[in-house]
Amino acid sequence: MNKRKILNDPIYGFINIPNDLLFDIIEHRYFQRLRRIKQLGLSDFVYPGALHTRFHHALGAMNLMRRVLNSLEEKGIDISDEERKAGLLAILLHDIGHGPFSHTLEFSLFKKISHEQVSIWMMERLNNEFNGSLDLTIKIFKNQYSRSFFHQLVSSQLDIDRLDYLKRDSFFTGVYEGAIGSERIIKMLNVISEQLVVEEKGIYSIENFLSARRLMYWQVYLHKTAVSAEVMLIKLIERAKKLVQAGRDLMATPALSIFLKRNITTRDFEEDPDILEVYAKLDDSDIWGSIKFWQNHEDIVLRMLSQMLLERRLLGISFSNDEVGRVVTDNLTQKVMNRWKINKEEASFFIKTGFVSNSAYISSGQSIKILRKNGSVVDIAEASDLPNIKAMRQIVKKHYLCAPKSIKQL
């Protein structure tokens, strides 16, 4: 069988699958599941074109990794065939642990388990199936390989993940402020002492990259309408779990039912191999399919939230620089109770406060390093003529209040 396939990507054109192992991993059920998980969760409620998937993103990131490694080799960086294969697999699989709607339900189906941890468990399961072929891939992903730049290409403040998702998300949402010159950035990358650096002549491309990321967060990832929809979905799953665990009858897909009935922990994943297999069957369609049943449920909270999401009648949301006071939320809760004749606990599912934050660049930890022409390496924020980058180090926090629009207007 010919496994050297060519895929047509709307962002990069033709993408080659360079070896048999990559093809077999892409064909695996774990990876194919990513076709059914949207990259931007519920952002299509705001941008109708945002229907691309984690499958698209993973393939695009693999393509960029191939280009980066080619560019580094042209600059004299020695990269073995094993390292190349492992690097491509690491970026291909970096999001394989994402659950339904990507980040939206990350801590709703189970607590305190990140998608990165689930990705590691899936990689380890794949490694067993493929007779240890992912040993180096897992080391790179977990930052346990001596050549740190491989991990930095997979996960850092200037990683291939971000290079692809900014360009891809910008394209599918139509928010062109997020467009970046990824080809220019790739050509400016280099390696010094096994650390990833950017050559000094590429510094303005990095400034544009950080600025684009900041704009995409406010205009797309943290758009207030998308935040409202995500809050509603989180509240809906919270209500469904509460009802199921109280013994109420609730129709759901088999995979989702297990995660509603049980409070899954890290120990469950590590001790029960079937849990990971059940999780690997979960995708967006499990949630939407179940919501279509729930829209007719006798529980008013489950019914109303389901109907509102299906019909895109979202909670009203407002952002503020100040934290929302208890008096405001108590007043709104009382209005909801009066309007729909429900109790305080039920009304709480329609009122939500919280905050979102955005920082384009954090200089602590894995910072972006600039290779100056004199051979010195400095943090990009230390460049004296880049005040924008210094400003983007500030964390901007916005508080929000979600409540039914009809109630807020009273």
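FYI, it's all coordinate maths here, none of it is from the lab. In this text the structure is predicted, and so the values were computed from the model without any measurement. We place every Cβ from the backbone using ideal geometry, glycine too, and count neighbours over all the protein chains shown.
Mean residue ellipticity at 222 nm, helices only, the chain: -14500 deg cm²/dmol; runs of at least 4 DSSP H residues each add -39,500 (n - 2.57), and the sum is divided by the number of residues. Which links in 38/341; 235/398; 261/344; 235/292; 187/397; 139/224 stretch past 28 Å when you go from one Cα to the other? The pairs that break the limit, which is 28 Å between Cα atoms, are 38/341; 187/397; 139/224. Building the convex hull from the alpha-carbon atoms of the stretch 268-389 and averaging its projection over directions returns 15.0 nm². Compared with the alpha-carbon gap, the fully stretched path from residue 344 to residue 391 is longer by 12.6 nm at 0.36 nm per residue. What separates the Cα centres of the stretch 112-137 and the stretch 150-167 is a distance of 19 Å.
Distant-in-sequence amide contacts of residue 316, defined by a placed amide H-H separation under 5 Å and a gap of 5 or more residues or a different chain, comprise 403, 405.
Across q = 0.11, 0.15, 0.17 Å⁻¹, the stretch 145-299 modelled as identical point scatterers on its alpha-carbon atoms has Debye log10 I(q)/I(0) values of -0.70, -0.94, -1.01, in the order of the q list.
The Cβ shell under 15 Å around residue 271 holds other residues with a net charge of -3, Lys and Arg each +1, Asp and Glu each -1. Between the helical axis of 284-294 and the longest alpha-carbon principal axis of the chain there is an angle of about 0 degrees. Helix 81-92 and the long axis of the chain differ in direction by around 20°, with both axes built from C-alpha atoms. Temperature 25 °C, viscosity 0.890 mPa s: under these conditions the Stokes-Einstein estimate for the stretch 1-76, based on its Kirkwood radius over C-alpha pairs, is 176 µm² per second.
With K and R counted +1 and D and E -1, the other residues having a Cβ less than 13 Å from that of residue 3 yield a net charge of -1.
Note the direction-averaged projected area, equal to a quarter of the hull surface, for the Cα convex hull of the stretch 31-113, in nm². Approximately 7.1 nm², given one-decimal rounding.
Each other residue within a Cβ distance under 13 Å of residue 193 adds +1 if Lys or Arg and -1 if Asp or Glu, for a net charge of +1. Backbone amide hydrogens, once placed in the peptide plane, bring residue 15 within less than 5 Å of 7, 8, 9, excluding anything fewer than 5 places away on its chain.
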